[in-house]
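Here's the structure, in structure tokens; my notes come after.
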Amino acid sequence: MSVPKIKHIRASVVRGGGGDYHDVEDGHWIDDHIATPMARYPEYRQSRRSFGINVLGTLVVEVEADDGTKGFAITTAGEIGAFIVEKHLARFIEGRPVTDIERAWDQMYFSTQYYGRRGIVVNAISAVDLALWDLLGKWREEPVHALLGGPVRDELVFYATGARPDLAKQLGFIGGKLPLQHGPAEGEEGLKQNLAKLEDMRNRVGDDFWLMYDCWMSLDLNYATRLAHKAHEFGLKWIEECLSPDDYWGYAELRRNIPRGMLVTTGEHEATRWGFRMLLEMGCCDIIQPDVNWCGGITELIKISALADAHGALMVPHGSGPYSYHFCCTRHNSPFNEIIMSAPKADRVLPAFHPLLVNEPVPENGRLKLSALDKPGFGVELNPACTLHRPYTH
Ligand SMILES: C[C@H](O)[C@H](O)CC(=O)C(=O)O
Ligand SMILES: [Mg+2]
């Protein structure tokens, strides 16, 4: 069988949602006084966009083979990511057979290691990697999950991240993850408000619905430990990303100190097998949460997921829409998925990467039947109504 070769790779940027899901309009719950490491500066407390959380925008990577088959993927990396793809990574992709994914990853990672290893560089590598998986699936006319060994379950179940777990319950989700709103700089009064919000939600959703707190790297060890003990009274299932992603020691200590039964989760800002090896070997958390669009793509996630399994940890990706659905349905240690509520009031379910993709599958009643993923590649297309801008060429 002759294998087509990749003829072109292109990198473009697009604004307004999509891969950069913090790039929202005024009035969205995701930008309403959420605790962050920048909240120690009062002027950056109310809005995360005020300190630049949405400066990057979405990077779209498209690949095209010489038989006309096309694949694409997205991430958060904007113009800087587009530069890296066009000026550096393209040389490892064009002219190569569409089946050469592992070698492409290795060359992209090690050629950029002197300035990369994580952050925007690995986001860009992730997008190229996902575009290659999409292309391979489209060429073979198989969904990516089939290329990964096939599903181990018939449907995915979801929890929802947003300001309204009570509405998430009505929408059929298994749990709701709230953004923590007040950090240590807001003192005891802020802590009280955090607990009051949790208590209110517990009263609205009843005892059996999962409630979690996402702390977006905003706390210190002492505050996180106190919050965990007080939140235990309201049945908090897990406490997420409390500390800086660099503080592996703090996470290990936190995990030793929190109430029995509560879980520590983190990893959305971690990348590669080496980063996750630190989290797992140091006993930092119970669930790792790589973002498939940021951690190195599917090629790296295969390794990260196997490492987690060997450590008895779950691997439940951060967001990542269809990119995570195709992976998680093939692995027993990924028993549920997250969807971040893109609707401004978190009151209805929109596609995770709204409005950038066409045919993006959306959970109904908190579930997604595997038949919804039965399309070649990742089963999605770019929305022609979104305007792509290609800042660099090679
Ligand atoms: C809501 C969180 O602050 C963040 O925007 C998303 C996130 O960390 C998550 O979904 O997990
Ligand atoms: Mg999170």
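The values are calculated or read from the model by the stated rules, or taken from the named source; none is laboratory data. None of the values given here were measured: they were computed from a predicted structure. Note: ideal-geometry Cβ built from the backbone for every residue, glycine included; neighbour counts use all protein chains shown. These area figures cover heavy atoms from the full protein model, side chains too; ligands, DNA and RNA do not enter into them. Shrake-Rupley method; radii C 1.70, N 1.55, O 1.52, S 1.80 Å.
Structure summary
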item: Conditions (1) more than 16 Å from ligand 2 (Cβ to nearest atom); (2) part of a loop (DSSP other than H, G, I, E, B); (3) not hydrophobic (A, V, I, L, M, F, W, C); number of the one not met by Gln181; result: (1)
item: Candidate set: region 206-240, residues that are in a loop (DSSP other than H, G, I, E, B) and in contact (Cβ under 8 Å) with a residue 40 or more places away in the chain; chosen: the one nearest to ligand 1 (Cβ to nearest atom); result: Trp216
item: Residue that is farthest from Cys215 (Cα to Cα), among those in region 159-177 that are outside any loop (DSSP other than H, G, I, E, B) and in contact with an Asp or Glu (Cβ under 7 Å, 6 or more places away or on another chain); result: Leu167
item: Cβ-Cβ under 8 Å pairs, at least 6 apart or on other chains, region 52-68 side not assigned by TED's automatic domain parsing to the domain that holds Val14, far side surrounded by fewer than 13 Cβ atoms within 10 Å (Cβ to Cβ) and not hydrophobic (A, V, I, L, M, F, W, C); result: none
item: Condition met for Trp139 (open to solvent by 50 Å² or more (accessible area, probe 1.4 Å) and touching a strand residue (DSSP E or B) at 6+ places or on another chain (Cβ under 9 Å)); result: yes
item: Flag for Ala310 being at pLDDT 95 or above, within 16 Å of ligand 2 (Cβ to nearest atom) and either touching a Lys or Arg at 6+ places or on another chain (Cβ under 6 Å) or open to solvent by 20 Å² or more (accessible area, probe 1.4 Å) (or both); result: no
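One line per residue, one yes/no per condition, for (1) modelled with pLDDT of 95 or more; (2) out of contact with any Gly (no Cβ under 6 Å at 6 or more places or on another chain); (3) open to solvent by less than 50 Å² (accessible area, probe 1.4 Å):
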{"residue": "Leu89", "(1), (2), (3)": "yes, yes, yes"}
{"residue": "Tyr114", "(1), (2), (3)": "yes, yes, no"}
{"residue": "Arg117", "(1), (2), (3)": "yes, yes, no"}
{"residue": "Val128", "(1), (2), (3)": "yes, yes, yes"}
{"residue": "Pro151", "(1), (2), (3)": "yes, yes, no"}
{"residue": "Tyr159", "(1), (2), (3)": "yes, no, yes"}
